[in-house]
Amino acid sequence: MRIPIQSVTPSSGQAEVVGWVHEVRDLGGLAFFLIRDRTGIIQVTIPKKKASEAVLSAAKRVSRESVVRVAGIIKAIDKAPGGRELVPDVFEIISLADSPLPLDVVEKVPADLDTRLDSRFLDARRPRVAAVFQIRSAAMHAINQYLHNEGFINITTPKIVAAATEGGTELFPIAYFDKEAFLNQSPQLYKQMMMAAGFEKVYEIGPIFRAEEHNTTKHLNEATSIDIEVSYADHLEVMRVLEEMIVKTYEYVSMNCSDQLTNLEIPDFSIPKTPFPRLCYGDAIEIAKKKIEDPIRYGDDISPAAERAIGAEMGGHYFIVDWPSEIRPYYAMPFETDPSICKAFDLMHPRMELSSGAQRVHQHDLLVEQIKKKGLNPESFEFYLRPFRYGIPPHAGWGLGAERLVMTMLGLSNVREAVLFPRDMHRLVP
RNA sequence: GCCCAGGUAGUGUAGUGGCCCAUCAUGUUUGCCUGUCACGCAAACGACUCGGAUUCGAAUUCCGACCUGGGCGCCA
């Protein structure tokens, strides 16, 4: 019976392992095969004079990255990796790999990201790459667990939608029988409808699609959004949820993924401290003004250069709050005392924006007014406005980019590293 | 979409007008080797993105296309 390579010890006696041929070192009368599965690597040693004909012929025929089944006696040998080696009675080729390989799994020679993504299934055999996705999985688990424990209801909303209700970003049009439809850019409106439905606390982790022709290391055309919406909460309350969730996620990864962090050479994985600083938008602009050459004024969007400058000053996660209403969407709640600013926020990592959210406008008439102020036509927002006419609690929420969370957590240089099969302007396959 | 830098064996690279029937590493094949662990040694195999131009001569210069990386824009 197959056992994980990690669990083979010098005292295992007889053992059978199944895995990939990682490396071959043939010394003539003696040959070493390194066999790798997802748990580790074991040395298989074949003394040619003593080995059976079947073992020898399979060993001769096998290529790197073929899947093999190897069974035999485990010997304790100090010189071997893990202090043990397997001397096989059985050496069976289960799946022979073509040669040459499209990329070097053993990493003697590096490969460009583009080459790696073309052969992602091979790339992901590398422990360093597998570690990223194991950590991503752990992070998603921690997030689900946290939100569940906080009383959130997990919902699933449509990704095929009828219209671009939010404005702004470009949508992907699709053919939907005889109608025109789009891939959803955000679950925003559906989350809000569930506030009208009385669910109070909802979350969704799902794909979002943006048809922007951006070409950067932090944008994807298909991304994963972690979204929450909470009734009777203001922006401050959901910011607290967000920072607590981030910290719990880091803690969980730190506790459960030490091998993966070692693989990724992140020995000093540090957990952010709460509360994250709250930086007013106006103060953020002042910091940027001092540090960058490009002119920037109150009311401008924060450019990547400004983002980096402010990030360097802040040194860790932080919120930008008190945004001018005119540069936030119509559904962001203006402050009663000063409607020129609103209850919107961005969660920033020193490298980039991770999340944005707000207390939402829940008053139907104010919403109509704000839509008009943005130069939009309220009539085309009827689908969005309807729930606001039948009693909807005040509410707030945010959306957090899962890939950016993983990217910043692990210091990845390109967001594509945090996605198995990234979709960007130029990549639709595999 | 704009700007910049690129495109050379399966992979990663060197080469900026003749010294290139193209460097190095890895890989693959063959031979030798009983303790390797990036095994070693010997030999062989394998590439200038495509199209056009300049030139006696182009991997190298120019033009166009396609592709890649980075930055910007766009992305509430």
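What follows draws every value from the coordinates through simple rules; no lab data is involved. Quick caveat, the model's predicted, so the values are computed rather than measured. Cβ atoms come from the backbone with ideal geometry, glycine included; neighbour counts cover every protein chain shown.
Between the C-alpha center of segment A:375-419 and that of segment A:275-295 there is a gap of 24 Å. Shape call for segment A:73-155 from the C-alpha gyration tensor, a ≥ b ≥ c root eigenvalues: rounded (a/c under 1.5), prolate (a/b greater than b/c) or oblate? Oblate.
Report the GluC sites (Glu not before Pro) located in segment A:215-276 that are in a DSSP loop and have at most 15 other Cβ atoms inside 10 Å of their Cβ, or state none. Present the calculation step by step, with values, prior to reporting the outcome.
Working: sites: A:GLU222, A:GLU229, A:GLU237, A:GLU243, A:GLU244, A:GLU251, A:GLU265; in loops: A:GLU265.
Here the GluC sites (Glu not before Pro) that fit, given the DSSP loop and packing criteria, are A:GLU265.
Using a ≥ b ≥ c from the Cα gyration tensor of segment A:339-430 (square roots of the eigenvalues), is it rounded, prolate or oblate, where a/c under 1.5 gives rounded and otherwise the larger of a/b and b/c decides, a/b for prolate? Judged from the Cα gyration tensor, segment A:339-430 comes out prolate (a/c at least 1.5, a/b above b/c). With 18 Å as the limit, write out which pairs from A:LYS159/A:LYS248; A:LYS159/A:LYS191; A:LYS159/A:LYS179 have Cα-Cα distances beyond it, or answer none. Over 18 Å apart, Cα to Cα: A:LYS159/A:LYS248.
Could you check how many percent of all C-alpha pairs in chain A are farther apart than 39 Å? Result for the distance tail: 35 percent.
In a reduced charge model with +1 at each Lys and Arg Cβ and -1 at each Asp and Glu Cβ, segment A:280-430 shows a dipole moment near 380 debye about its Cα centre. Once you sort the root eigenvalues of the Cα gyration tensor of segment A:13-93 as a ≥ b ≥ c, which label holds: rounded (a/c under 1.5), prolate (a/b larger than b/c) or oblate (the other case)? Rounded shape, in that the Cα axes give a/c under 1.5.
List A:HIS219, A:HIS395 from most exposed to least, where exposure is judged by having the fewest other Cβ atoms within 10 Å. Don't jump to the answer; show the numbers that get you there.
Values: A:HIS219 19, A:HIS395 25.
Ranked by crowding around the Cβ, least crowded first: A:HIS219, A:HIS395.
Annotation: the residues A:TYR384, A:TYR203, sorted from fewest to most other C-beta atoms within 10 Å of their own C-beta, follow the order A:TYR384, A:TYR203. Couplings 3J(HN,Hα) for segment A:140-146, derived from phi with the Karplus relation 6.51 cos²θ - 1.76 cosθ + 1.60 (θ = phi - 60°), are 5, 4, 4, 5, 4, 4, 4 Hz, where x marks Gly and Pro.
Counting only DSSP H runs of at least 4 residues, each contributing -39500 (n - 2.57), and dividing by the residue count of chain A, the helix-based mean residue ellipticity at 222 nm comes to -8500 deg cm²/dmol. Just so you know, the Cα atoms of segment A:35-193 work out to an Rg and Dmax of 25.1, 75 Å. Here the Karplus relation 6.51 cos²θ - 1.76 cosθ + 1.60, evaluated at θ = phi - 60°, turns the backbone of segment A:178-185 into coupling constants of 9, 10, 8, 9, 9, 7, 6, 8 Hz, with x for every Gly and Pro.
Residues whose amide H lies under 5 Å from that of A:ALA31, counting only those 5 or more places away or on a different chain, are A:ILE46, A:LYS48; hydrogens are built 1.01 Å from N in the peptide plane. The phi-based Karplus calculation (6.51 cos²θ - 1.76 cosθ + 1.60; θ = phi - 60°) puts the 3J(HN,Hα) values of segment A:248-264 at 4, 5, 4, 4, 5, 5, 4, 6, 10, 10, 5, 4, 5, 5, 5, 3, 8 Hz, whole numbers, x for Gly and Pro.
Of the residues A:ARG360, A:ARG61, the one with the fewest other Cβ atoms within 10 Å heads the list, and the complete ranking is A:ARG61, A:ARG360. For A:ALA332, the residues 5 or more places off, or on other chains, whose built amide H falls under 5 Å of its own are A:VAL361.
Largest GNM mean-square fluctuation across A:ALA358, A:ALA130, A:ALA111, computed for chain A with C-alpha springs under 10 Å, falls on A:ALA111.
Taking other residues whose beta carbon is less than 15 angstrom from the beta carbon of A:ILE46, and scoring Lys, Arg as +1 and Asp, Glu as -1, yields +2.
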